[in-house]
Amino acid sequence: MKGVILDLCGGTGSWSAPYRAAGYEVIVVDPFATIDGALKVDVRSFRPSGLVHGVLAAPPCTQFSVSGARWWKSKPPELLAEAVEIVNACMRVIRTANPAWWALENPSGRLRQWIGPPVYSFQPWEFGDPWTKLTCMWGKHFRPKCIPNAKKP
């Protein structure tokens with residue numbers, strides 16, 4: 001085993017799959033999905049233990065994404081409070097684990113009000129995916145290189 005990667009709010013585990021394939025132990029922490037028969041674990045109650053090499057975090061974006069801005073005022077405030085609580089839990093896990101690197105992603109929107117400006121933003125098409133969705137990245141990690149001459153769809 002090369003080390004432990006935490007995949008917070010990891011859903012299907014697709015973001016951490018390359019790490020698992022490369023020999024890392026991946027722990028998916030997501031209350032909404034069961035991965036490989038694992039128990040569902042809410043990031044708000046998760047306590048990391050042992051040496052953590054890296055953390056991937058993808059908190060739910062529904063309450064933050066600018067694409068849903070027209071509904072923000074009409075939504076119950078409890079939804080935003082829960083979303084912020086999940087983001088705060090992700091940041092707590094990152095601070096507690098003190099990994100060599102970490103990355104938190106979320107679409108462009110109002111998350112920056114709670115955790116500050118992103119380190120950078122990108123469009124998926126810049127990496128060969130055939131769509132647009134301005135995505136923001138926070139963390140301490142190497143910034144991947146875009147595909148040269150990538151074409152916007």
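Which one is modelled with the lowest pLDDT, of the residues in region 96-109 that are surrounded by 16 or more Cβ atoms within 10 Å (Cβ to Cβ) and out of contact with any Cys (no Cβ under 6 Å at 6 or more places or on another chain)? Checked region 96-109; the qualifying residue modelled with the lowest pLDDT is GLY109. Once region 115-136 is narrowed to residues that are in a loop (DSSP other than H, G, I, E, B) and of a type in the set (A, V, I, L, M, F, W, C), the residue that is least open to solvent (accessible area, probe 1.4 Å) is LEU134.
Residues that are under 22 Å from THR62 (Cα atoms), touching a helix residue (DSSP H, G or I) at 6+ places or on another chain (Cβ under 6 Å) and modelled with pLDDT under 95 do occur in region 124-131. The residues on offer are VAL87, VAL43, VAL93, VAL66, and the sole one that is at pLDDT below 95 and buried (at least 19 other Cβ atoms within 10 Å of the Cβ) is VAL43.
The values are calculated or read from the model by the stated rules, or taken from the named source; none is laboratory data. Quick caveat: nothing in here was measured; it's all calculated off a predicted structure. Positions of Cβ are backbone-derived with ideal geometry, glycine not excepted, and every protein chain shown enters the neighbour counts. Heavy atoms of the whole protein, side chains included, go into the accessibility calculation; ligands, DNA and RNA do not. Shrake-Rupley method; radii C 1.70, N 1.55, O 1.52, S 1.80 Å.
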